[in-house]
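Engineer: A single structure is presented below for examination.
The values are calculated or read from the model by the stated rules, or taken from the named source; none is laboratory data. Keep in mind the model is a prediction, meaning the values are calculated, not measured. When we count neighbours, we look across all protein chains shown, and the Cβ atoms used for this are built from the backbone with ideal geometry, even at glycine.
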């Protein structure tokens, strides 16, 4: 890689849908880990989101019916580290001065689909740090059923049984990377994050070598106020 294009390995968030990866992604972005120039409403970086969708589609899968993607899947999508970073930051490859001007080169992205496409990404970024965010199965299932998440993507509705089964697939697959990644893998729980559990936050900060307390408090405060006014509006 060009010496003007020196970036550290990315931080990759994995975990089941409705498990808080959007919240954690926003927190990390505010803490100094750039999560993408163009992100959707769930905080997912478009280049990586669209690639994950393509990788899953290639094996006849999607986020609701996932299948494991191999490291060698779809050779056309195997771009260089520099190409992926260029897409993530929306840089022009010939604009070296723009690369040098980036104030913070810590970066990463989140997408629950990463849980099943991680082998592909590790073939590009073998030293990536992976955070697996988990959440109580019942809470996830209730959220999926309540939000009708599948209907949004035109995939039908969720039953409680299907939601539990999908949760199990994602959590089991996510935890399978621990042995392979060793010190580059961290599993934390959503409830410990939103309750600002001291030990969990300390472990997260050590893992990433950043401070998350202030941005986390900001986002939790915003969420509480948003829910308060939403509930008040619905009662009117």
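For every residue, the table says whether it meets (1) at pLDDT 90 or above; (2) over 20 Å from the mean Cα position of the chain (by Cα); (3) in a helix (DSSP H, G or I).
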{"site": "150", "(1), (2), (3)": "no, no, yes"}
{"site": "155", "(1), (2), (3)": "no, yes, no"}
{"site": "158", "(1), (2), (3)": "no, yes, no"}
{"site": "169", "(1), (2), (3)": "yes, no, yes"}
{"site": "215", "(1), (2), (3)": "yes, no, yes"}
{"site": "220", "(1), (2), (3)": "yes, no, yes"}
{"site": "227", "(1), (2), (3)": "no, yes, yes"}
{"site": "231", "(1), (2), (3)": "no, yes, yes"}
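Engineer: What are the residues in segment 201-225 that are closer than 30 Å to residue 123 by Cβ and in contact (Cβ under 8 Å) with a residue 12 or more places away in the chain, if any? It would help to see each step written out before you state the result.
Structural biologist: Step one: list which residues in segment 201-225 are closer than 30 Å to residue 123 by Cβ, which gives 203-210, 212.
Correct list: 203, 204, 207, 208, 210, 212.
Engineer: Can you name the residue in segment 48-93 that is without any contact (Cβ under 8 Å) to a residue 12 or more places away in the chain and part of a helix (DSSP H, G or I) and, of all such residues, is surrounded by the most Cβ atoms within 10 Å (Cβ to Cβ)?
Structural biologist: Checked segment 48-93; the qualifying residue surrounded by the most Cβ atoms within 10 Å (Cβ to Cβ) is 86.
Engineer: Determine whether residue 19 is crowded, with 19+ Cβ neighbours inside 10 Å, touching a strand residue (DSSP E or B) at 6+ places or on another chain (Cβ under 7 Å) and assigned to a helix (DSSP H, G or I). Give the steps one after another, and end with the answer.
Structural biologist: Working: crowded, with 19+ Cβ neighbours inside 10 Å: yes; touching a strand residue (DSSP E or B) at 6+ places or on another chain (Cβ under 7 Å): yes; assigned to a helix (DSSP H, G or I): no.
Against the criterion (crowded, with 19+ Cβ neighbours inside 10 Å, touching a strand residue (DSSP E or B) at 6+ places or on another chain (Cβ under 7 Å) and assigned to a helix (DSSP H, G or I)), residue 19 does not qualify.
Engineer: In segment 129-148, which residues are part of a loop (DSSP other than H, G, I, E, B) and either surrounded by fewer than 20 Cβ atoms within 10 Å (Cβ to Cβ) or out of contact with any strand residue (DSSP E or B) (no Cβ under 9 Å at 6 or more places or on another chain) (or both)?
Structural biologist: We begin by selecting, within segment 129-148, every residue part of a loop (DSSP other than H, G, I, E, B); these are 135-136, 148.
Once the filter is applied, which keeps residues that are part of a loop (DSSP other than H, G, I, E, B) and either surrounded by fewer than 20 Cβ atoms within 10 Å (Cβ to Cβ) or out of contact with any strand residue (DSSP E or B) (no Cβ under 9 Å at 6 or more places or on another chain) (or both), segment 129-148 yields 136, 148.
Engineer: While we're here: Quick one: in segment 182-199, which of the residues that are over 25 Å from residue 126 (Cα atoms) and free of Cβ contacts under 8 Å to residues at least 24 places away in the same chain is surrounded by the most Cβ atoms within 10 Å (Cβ to Cβ)? Talk me through it step by step, then tell me what you get.
Structural biologist: First, the residues of segment 182-199 that are over 25 Å from residue 126 (Cα atoms): 190-199.
Then drop every residue that is not free of Cβ contacts under 8 Å to residues at least 24 places away in the same chain, which leaves 192, 195, 197-199.
Numbers: 192: 17, 195: 12, 197: 15, 198: 10, 199: 8.
So the residue we want is 192.
Engineer: Between 49, 77, 118, 122, which is farther than 26 Å from residue 209 by Cβ and modelled with pLDDT of 90 or more?
Structural biologist: 49
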